[in-house]
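One structure is given below, encoded as structure tokens.
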Amino acid sequence: MFRKLLLVTLATISFSSLSETISLDYKGFYDRIKTVNKGKYKLIEMAFFVPTSQDCQIKSGSITTESKNYPLTYNSEQRLLLPFDEKLKSNRALINLSVSGNATLCSIQMKITEKLPSNTYDSAHLQQLESEMNELLYSLQGFPVKYFSDPISGLNFNFNGKNAEVVLDGKAISIEKGQFKITSAKIKNTDSLQFSQVPDSVTPWSK
């Protein structure tokens, strides 16, 4: 139960500004990226997104300190490509986003994702992926929650609503709503997992 609560807590940080420009402390992002880098995870990373909607389209972004202004890079899915820079943290940098629509309806989602999703997986890869996600989630939890938390229930392969086909150990399985979930128990007994296309993302799944 505590694990599920943690995932919800990490998922969304809502903006409270009524203006079209939102400013957030860089330090909060830096601290989370540092946790990932310290763990030296081979397969996973932390990703920060502004979910795309009619009321939340990024028009521009910047990283500012008292004396300097840097461009903020983001992609077509509105994923923020943030640097890991101790000087920016020390200089109390701000992440600034200019958005169209109603800024109060925007949010930032922080997700643990696989670095390089594939269309083919074997049991060893799936188990390492799940293990790294569990380890990172554990490290992000504060006392005393981490000592009472449960591991994730499995992995979620996301196709952003697109049609895709999956073959699990030679058996074709239908994908509903652009998502395919595989449980921890099934992962241990899976020889091969194949998709007709590379997933857009692979994330933890908790019941």
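Would you call Glu165 modelled with pLDDT under 95, open to solvent by 60 Å² or more (accessible area, probe 1.4 Å) and either over 18 Å from Lys115 (Cα atoms) or in the same structural domain as Leu43 (by the TED database) (or both)?
yes
Name the residue, out of Leu140, Leu136, Leu116, that is exposed (fewer than 14 other Cβ atoms within 10 Å of the Cβ) and not polar (S, T, N, Q).
Values: Leu140 fails: exposed (fewer than 14 other Cβ atoms within 10 Å of the Cβ); Leu136 fails: exposed (fewer than 14 other Cβ atoms within 10 Å of the Cβ).
The conditions single out Leu116.
Cβ-Cβ distance below 9 Å, separation of 6 or more or different chains: which pairs start in the range 173-192 with a residue that is more than 14 Å from Lys207 (Cα to Cα) and end on one that is open to solvent by 70 Å² or more (accessible area, probe 1.4 Å) and basic (Lys, Arg)?
As it stands, the answer is Gly178/Lys162, since those pairs meet every condition given.
So Arg92 clears everything in (1) assigned to a loop (DSSP other than H, G, I, E, B); (2) surrounded by fewer than 12 Cβ atoms within 10 Å (Cβ to Cβ) except one condition, right? Which one?
Just one mismatch for Arg92, condition (2).
Going by what's in this entry, would Gly154 be described as on the phi > 0 side of the Ramachandran plot, modelled with pLDDT of 90 or more and surrounded by 14 or more Cβ atoms within 10 Å (Cβ to Cβ)?
yes
For Asn102, which of the numbered conditions (1) open to solvent by 20 Å² or more (accessible area, probe 1.4 Å); (2) within 29 Å of Thr35 (Cα to Cα); (3) modelled with pLDDT under 95 fails to hold?
Result: Asn102 passes all but (2).
Please work out if Ser67 is modelled with pLDDT of 90 or more, open to solvent by 80 Å² or more (accessible area, probe 1.4 Å), more than 21 Å from the chain's Cα centre (by Cα) and over 22 Å from Lys38 (Cα atoms). Full working, then the answer.
Numbers: modelled with pLDDT of 90 or more: yes; open to solvent by 80 Å² or more (accessible area, probe 1.4 Å): yes; more than 21 Å from the chain's Cα centre (by Cα): yes; over 22 Å from Lys38 (Cα atoms): yes.
Here the answer is yes, as Ser67 does meet what is asked.
Out of all the residues in the range 1-40, which are part of a helix (DSSP H, G or I), modelled with pLDDT of 50 or more and more than 14 Å from Leu80 (Cβ to Cβ)?
Lys27, Asp31, Lys34, Thr35, Val36, Asn37, Lys38, Gly39
State all residues of the range 180-200 that are of a type outside the set (D, E, K, R), under 16 Å from Leu126 (Cβ atoms) and open to solvent by 30 Å² or more (accessible area, probe 1.4 Å); if no residue qualifies, say none.
Thr183, Ala185, Asn189, Ser192, Gln194, Val198
The values are calculated or read from the model by the stated rules, or taken from the named source; none is laboratory data. None of the values given here were measured: they were computed from a predicted structure. As a convention, Cβ positions derive from the backbone with ideal geometry for all residues, glycine included, and neighbour counts pool all protein chains shown. Keep in mind that these areas ignore ligands, DNA and RNA; they rest on the heavy atoms of the full protein, side chains included. Shrake-Rupley method; radii C 1.70, N 1.55, O 1.52, S 1.80 Å.
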